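**Student:** Structure in structure tokens, see below.
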Amino acid sequence: MNSRGMWLTYALGVGMLHIVLLSIPFFSVPVAWTLTNVIHNLGMYVFLHAVKGTPFETPDQGKARLLTHWEQLDYGVQFTSSRKFFTISPIILYFLASFYTKYDPTHFILNTTSLLTVLIPKLPQLHGVRIFGINKY
């Protein structure tokens, strides 16, 4: 995640998702922004907080097998630039979605719920914690 151009590629990917959703004729602008936010946060939750292990063989003798990608990011060191970027990006997207939906209560609840599902697992207090034993093994 620290490689050159990763943050730009990430932002362009989110922008492309939004453009694709805007190009669908029956989606209004507020619906497109809410869908962009929800799809982004769902993808971020699955890939950073639900999937455990690594997609390739590592020399750590299986230590990463029980950790999510978020817990492996920057070797578990908190508050690095990559972690800050992946914490700030859903917040910025949430602000944009809330603004362009004109704070409509339905969209606001969906966007807020979506934001909280990706921000709460990122807290340092929840590093390695499995709520109710979900995703323990």
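**Student:** Looking only at segment 83-98, how many residues end up being touching a residue at least 24 places away in the same chain (Cβ under 8 Å) and open to solvent by less than 30 Å² (accessible area, probe 1.4 Å)?
**Tutor:** Number of matching residues: 7.
**Student:** Name the pairs whose Cβ atoms lie under 7 Å apart, with the first residue in segment 99-110 and within 15 Å of residue 38 (Cα to Cα) and modelled with pLDDT of 95 or more, the second surrounded by fewer than 16 Cβ atoms within 10 Å (Cβ to Cβ) and of a type in the set (Val, Ile, Thr), and 6 or more positions between them or separate chains?
**Tutor:** The qualifying pairs are 100/29.
**Student:** Is there any pair with a first residue in segment 118-130 that is surrounded by 12 or more Cβ atoms within 10 Å (Cβ to Cβ) and a second that is part of a loop (DSSP other than H, G, I, E, B) whose Cβ atoms are under 8 Å apart and which are 6 or more apart or on different chains, and what are they?
**Tutor:** Listed by first residue and then by second, the contacts come to 127/78; 130/136.
This table checks each residue for (1) touching a Pro at 6+ places or on another chain (Cβ under 8 Å); (2) over 23 Å from residue 2 (Cβ atoms); (3) assigned to a helix (DSSP H, G or I); (4) hydrophobic (A, V, I, L, M, F, W, C).
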position	(1), (2), (3), (4)
24	no, yes, no, yes
33	no, yes, yes, yes
41	yes, no, yes, no
59	no, no, no, no
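The values are calculated or read from the model by the stated rules, or taken from the named source; none is laboratory data. Since we're looking at a predicted model, the values are computed, not measured. Please note: Cβ atoms are built from the backbone with ideal geometry, for glycine as well, and neighbour counts cover all protein chains shown. For the accessible areas, the whole protein counts, side chains as well, though only heavy atoms, and no ligand, DNA or RNA atoms are used. Shrake-Rupley method; radii C 1.70, N 1.55, O 1.52, S 1.80 Å.
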